[in-house]
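I have placed the structure first, in the form of structure tokens, so that the comments after it can refer back to it.
The values are calculated or read from the model by the stated rules, or taken from the named source; none is laboratory data. Computed from a predicted model, the values in this text were never measured in an experiment. Positions of Cβ are generated from backbone atoms using ideal geometry, with glycine treated the same way; all protein chains shown enter the neighbour counts.
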Amino acid sequence: MTWVSLLFLIVPSILLLPHSLSQAESDTLKQGQQLHDWDELVSAEGVFKLGFFSPGSKTVDIGVIAPRYIGIWFNKIPFYPLWVANPNNPVPDSSGVLRMDTDGILKFAYKGGSRIAVSSNRAKKANSETNITATLLDSGNLLVRQIGADGIAGPILWQSFDYPSNMLLPEMKLGINLKTGHEWYLSSWLSEQLPSPGAFRLGLNPNGSRELMVWRRGEVYWRSGEWKNGKFELAPELTEGTFTKQLDAYQFRFVTNENERYFSYSKKSNFILSRWLLNDLGQIEQFTRDTSGWIWETTSPCTTNYTMNATGVCLNEKPSNCRNGSEFFAPKKGYMNVSFTGDQIDDNAGLALSDCHAKCWTNCSCSAYSSVFDNGTGCEFWSREVQFIPDEGFGREIYLLTYDQSINGTSSYHRVP
């Protein structure tokens, strides 16, 4: 795309919302200001950034024609979105703007589209002596709050920590506000390119017990067991994993009172970065960045052995008459016969790869599956009669039924620079 055509794309959005944010780095969006696709908010100490991005990219990719999302990510390290403001409403191109509107509601808009609310403030509208602002904190929380004429911050009207995506950051909560009924939970992405809610959800057991649960399409997939003596009975690795215990960098807590019930954790040091990810396989990945790089540990109910089958898809499925437990699906590059058409195609764009795995697992004649669309959704299936032809250079990623006698283990840890 040329710079001339990019200019014609950008100008209409500038004319639509005239009060642009200053080019100087700021952590706050004031009432009437807007954030363009090429602008960013930076928290006071430079820990986090907020701006527009395209999923699947290692960079922010300013100025591209591709679905754009508004997100928060760690500053000064390789890009990975931690929170998404518009998971179900992507901006189609780089004409998007985020605006703290005159009514005190945080909204975004783009060329040819109407304004869509991000925040849902319940407080009264600001008067002539007050201002409502959106501020990105060094915790990664985006706060919408009222600021008085004297510059003193008033009550919090809305915050991003109340609406997590697939990431849990320190001081976020998993649980429920007993007064309002609002729940704090994580939702896996539908795919690496689509941050809309996927197949898995991590939250608190609704029956009142102090237990975390993962649901898969509404059915219980994993349980942590009861919280006792600072750890979960069935998943002690969440608070006492190999590196978690070795680093001694966190404080974990389970809070229950008349107002709320939740699990949370905090950092003991500001010199580390932390995030928990609910990935698209329903696994909980705990990431810590120290001076030597990223460390991560994985908690999962699956029984695929990561030591022997490092590439195997790690998903627990319901018992099947034709699966004896030694099978798993592993991704390979190639194609089936000489055609890219499978035995069966389900072009439902709401299906994730984990859904394809489940469908193939329960079909005794199914020996391979893949996504239909480039964004990782939809399902295509092949039977045992179809031959797979490897092609690392130009092949598509296909998940093949594989047999192995090694099945064991529920937790693993890794370190990378």
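Would you please name the residue that is surrounded by the most Cβ atoms within 10 Å (Cβ to Cβ), looking only at residues in region 273-301 that are in contact with a helix residue (DSSP H, G or I) (Cβ under 8 Å, 6 or more places away or on another chain) and aliphatic (A, V, I, L, M)?
Ile284
Test each condition in (1) in a loop (DSSP other than H, G, I, E, B); (2) touching a residue at least 12 places away in the same chain (Cβ under 8 Å); (3) surrounded by fewer than 16 Cβ atoms within 10 Å (Cβ to Cβ) for Asn207 and report the one that comes out false.
Going through the list (1) in a loop (DSSP other than H, G, I, E, B); (2) touching a residue at least 12 places away in the same chain (Cβ under 8 Å); (3) surrounded by fewer than 16 Cβ atoms within 10 Å (Cβ to Cβ), Asn207 breaks only (2).
Does region 95-114 hold any residues that are at pLDDT 90 or above and either part of a loop (DSSP other than H, G, I, E, B) or surrounded by fewer than 23 Cβ atoms within 10 Å (Cβ to Cβ) (or both), and which are they?
Correct list: Ser95, Gly96, Ile105, Lys107, Ala109, Tyr110, Lys111.
Taking the residues in region 1-52 that are hydroxyl-bearing (Ser, Thr, Tyr) and surrounded by 13 or more Cβ atoms within 10 Å (Cβ to Cβ) as candidates, determine which candidate is modelled with the lowest pLDDT.
Here the residue is Ser13.
Does Gln193 fit the bill of being at pLDDT below 95 and not assigned by TED's automatic domain parsing to the domain that holds Arg223?
Taking the combined requirement at face value, the residue does not satisfy it.
Scanning region 228-238 for residues that are surrounded by 19 or more Cβ atoms within 10 Å (Cβ to Cβ) and not in a loop (DSSP other than H, G, I, E, B), which turns out nearest to the chain's Cα centre (by Cα)?
Leu238
Working only within region 352-368, note down all residues that are within 23 Å of Ser196 (Cβ to Cβ) and polar (S, T, N, Q).
Ser354
Go through region 146-155 and count every residue that is surrounded by fewer than 19 Cβ atoms within 10 Å (Cβ to Cβ) and part of a strand (DSSP E or B).
4
Only one of Trp222, Trp158 is closer than 24 Å to Asn259 by Cβ and part of a strand (DSSP E or B). Can you tell me which?
Residue meeting the stated conditions: Trp158.
Within the group Arg210, Arg217, Arg201, which residue is at pLDDT 95 or above and at positive phi?
None of the others qualify; the one that does is Arg217.
Checking Gln159 against (1) without any contact (Cβ under 8 Å) to a residue 24 or more places away in the chain; (2) in the same structural domain as Val47 (by TED's automatic domain parsing); (3) under 18 Å from the mean Cα position of the chain (by Cα), only one condition comes out false. Which one?
All conditions pass for Gln159, except number (2).
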